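Notes follow the structure.
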Amino acid sequence: MASAGAGEGTAAPPMAAISHVIFDMDGLLLDTEGFYTQVQEKILARYGKVFDWSLKAKMMGKKAIESARIFVDECGLNGLLTPEQFLEERESMLQELFPSCTKLPGVLRLVHHLHAKGIPMAVATGSHKRHFALKTQNHQEMFSLMHHIVMGDDPEVKSGKPSPDIFLAAMRRFEGNVEPSKCLVFEDAPSGVAAAKNAGMSAVMVPDPRLDVSYHKEADQVLSSLLEFKPSEWGLPPFEE
Ligand SMILES: O=P(O)(O)OC[C@H](O)CO
Ligand SMILES: [Mg+2]
């Protein structure tokens, strides 16, 4: 048997020789996607419409204004609500919810493990600076382990996911000359997985179970939680427990 760590026994060669890891934030590190869903359901109910997972799949992972445009267009609200009004309406509700967000299962174990093994990590989130601060206020110890964080309103991020902009910016900010093929991205959103693949990186998807499986296609690996992740499958140091 190949020399994998305890509980990671696999004879298969690694899927890639990963040296750097980039995490998405919303719905991957932090359990915030439910807040967006809750607020959007509420707004849509006012127009007698129901928010569903095919719309959610299109909106998640994107920059705020990009997902607001999708919401208005897909729900046929043009003339009734502008994307800017939508963002304004949801803002106070979100601001109240974000600080209570929790980490998703397996996040702390993986981040601490990679940090202990000296694997450089970054975060690449569609969230802008102000929302990032609200979401992370109770998770600063974990975010301090990241080499850097790239947000949706960063000047280098011209277009949101599925554009590769954010992941390429995250890659360039690591020390040394890092190649996309050495970067592993963790994502929950179809647009995020597409962005990682457009950047030439490997993508592990940890989707919400309500997301249709047709959205899993582009991912190199699909897990139901980060607790299932086996670093050695990617050429990363195995867990020791
Ligand atoms: O999933 P993230 O971290 O890129 O965040 C994107 C939006 O803010 C929420 O879907
Ligand atoms: Mg996400």
Next on the checklist: Which residue fluctuates most in the GNM of the chain (Cα springs below 10 Å): Ser202, Ser127, Ser92?
Outcome noted: Ser92
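Rg(Cα) of segment 33-100 divided by 2.2 N^0.38 Å?
Working: Rg = 11.0 Å, N = 68, 2.2 N^0.38 = 10.9 Å.
Working it through for segment 33-100, the quotient is 1.01.
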Next on the checklist: Cut-off is 10 Å between beta-carbons; in what order do Thr82, Thr136 appear when sorted fewest neighbours first?
Outcome noted: Thr82, Thr136
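Share of Cα-Cα pairs in the chain beyond 26 Å, in percent?
Details: 10706 of 28920 pairs.
Percent of Cα pairs beyond 26 Å in the chain: 37.
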Checklist outcome for this item: Amide H proximity to Ala203 below 5 Å, modelled H, separation 5+ or other chain, gives Val185, Asp220, Gln221
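Give me Trp234, Trp53 sorted ascending by neighbouring Cβ count inside 10 Å, so fewest comes first.
On the way: Trp234 19, Trp53 14.
By the 10 Å Cβ count, ascending: Trp53, Trp234.
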Next on the checklist: Give me a comma-separated list of calculated 3J(HN,Hα) values for segment 210-224, in order, Karplus coefficients 6.51, -1.76, 1.60 applied at θ = phi - 60°, integers in Hz, x for any Gly or Pro.
Outcome noted: 7, 6, 4, 4, 4, 7, 8, 3, 6, 6, 6, 8, 10, 10, 8
Item to check | Residue of Glu33, Glu156, Glu187 that the Gaussian network model of the chain assigns the largest fluctuation, springs spanning Cα pairs under 10 Å | outcome: Glu156
Item to check | Contact order normalised by residue count of segment 33-100, Cα under 8 Å, 6+ apart, percent | outcome: 33
Checklist entry - Just from its helices, what would the mean residue ellipticity at 222 nm be for the chain, if runs of 4 or more DSSP H residues each count -39500 (n - 2.57) and the sum is divided by every residue, rounded to the nearest 500 deg cm²/dmol? => result -10000 deg cm²/dmol
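Normalised by the number of residues in the chain, what is the relative contact order in percent for Cα pairs under 8 Å and 6+ residues apart?
Numbers: 422 pairs, mean separation 67.5, N = 241.
Worked out over the chain, it gives 28 percent.
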Item to check | Label-point separation in nm, Asp73 to Asp52, each point 7 Å along Cα→Cβ | outcome: 1.9
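Which number comes out as Rg/Rh for segment 161-241 once both Rg and the Kirkwood Rh are worked out on C-alpha atoms?
Across segment 161-241, the Cα-based Rg/Rh ratio is 0.99.
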Item to check | Max mean-square fluctuation residue, GNM over the chain, Cα-Cα springs under 10 Å, options Asp220, Asp73, Asp188 | outcome: Asp73
Item to check | Packing-based exposure ordering (other Cβ within 10 Å, fewest first) of Cys183, Cys75, Cys101 | outcome: Cys75, Cys101, Cys183
Checklist entry - Hey, what do the phi angles of segment 203-209 turn into as Karplus ³J(HN,Hα) couplings, whole Hz, using 6.51/-1.76/1.60 and θ = phi - 60°, x for Gly and Pro? => result 10, 9, 9, 10, x, 5, x
Item to check | Too-long pairs where the Cα-Cα distance tops 20 Å, listed order kept, from Lys129/Lys161; Lys62/Lys182; Lys182/Lys230; Lys62/Lys135 | outcome: Lys62/Lys182
Checklist entry - Over the chain, what is the percentage of antiparallel beta bridges among all DSSP beta bridges, to the nearest 5? => result 5
Next on the checklist: So if the hydrodynamic radius of segment 54-195 is defined as the Kirkwood radius over C-alpha pairs, what does Stokes-Einstein give as its diffusion coefficient at 25 °C and 0.890 mPa s, in µm² per second?
Outcome noted: 149
Item to check | Karplus (6.51, -1.76, 1.60) ³J(HN,Hα), θ = phi - 60°, over segment 73-90, in Hz, Gly and Pro reported as x | outcome: 5, 5, 8, x, 9, 4, x, 9, 8, 8, x, 5, 5, 4, 5, 5, 4, 7
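Taken together, the values in this text are just the output of simple stated rules run on the coordinates, not laboratory data. Since we're looking at a predicted model, the values are computed, not measured. Positions of Cβ are backbone-derived with ideal geometry, glycine not excepted, and every protein chain shown enters the neighbour counts.
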